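The values are calculated or read from the model by the stated rules, or taken from the named source; none is laboratory data. None of these values were measured; they are calculated from a predicted model. Here the Cβ positions follow ideal geometry from the backbone for every residue, glycine too, while neighbour counts run over all protein chains shown. When the accessible area is computed, the model is the full protein with side chains, heavy atoms only, and any ligands, DNA or RNA have been set aside. Shrake-Rupley method; radii C 1.70, N 1.55, O 1.52, S 1.80 Å.
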Amino acid sequence: MNEQTVQRVERISLVMIVVATLASLVAWQRPVFLGVALGGLLAAVNFYALRRILQGLFKSEDKQSGKQATLAILLMAKFGLLAASIFLVVRYLPVDPMAFLAGMSTVVLAIFVEGIRVVLRGAEAASE
């Protein structure tokens, strides 16, 4: 996946989060709205952090073992922080768990949408 594709995934997911949050605000109660909003926000921040850490890990000019080891530890810590954040939100905040899961799923859905777009674009280029 190149940088432009990853940026498109980020934009698509942010649009989906905003649309889903606004729809939940209009159509449902406060726990659903908070679940969608917090789930989407957590997923977007996680995806952004993952991208930044992996970019640092795989840069060809930054092969210093100390920096890569630090980034690898940061990557593991990020997953622990994500798990703790999910637990704390679901356990202590007035959110609907299914709405929270729907918000967290926006990034996965954005990756799927971008993948379909890339495949369709490739099919158009091959037919020309």
Relative contact order of the stretch 12-112: what whole-number percent is it, with Cα pairs under 8 angstrom and at least 6 residues apart?
49
Calculated from DSSP helices alone, with each H run of at least 4 adding -39500 (n - 2.57) and the total divided by the residues of the chain, [θ]222 nm to the nearest 500 comes to -30500 deg cm²/dmol
Is any helix in the chain, taking whole DSSP H runs, at least 24 angstrom long along its axis by alpha carbon and on average at least 0.0 on the Kyte-Doolittle scale, and which ones?
3-27, 30-58, 65-92, 106-127
Measure off, as a whole percent, the carbon and sulfur share of the 1.4 Å-probe accessible area of the stretch 30-125, all protein chains present.
74
Surface accessible to a 1.4 Å probe, per residue, for the residues of the chain, Å²
66
Candidate cut points under chymotrypsin sites (Phe, Trp or Tyr not before Pro) in the stretch 1-88, DSSP loop plus at most 15 other Cβ atoms within 10 Å of their own Cβ, are 28
In whole angstrom, how far apart do the alpha carbon centroids of the stretch 57-121 and the stretch 1-53 sit?
11
Give the range of the longest stretch in the chain that excludes all trypsin sites (Lys or Arg not before Pro) found in loop regions by DSSP and having at most 13 other beta-carbon atoms within 10 Å.
64-128
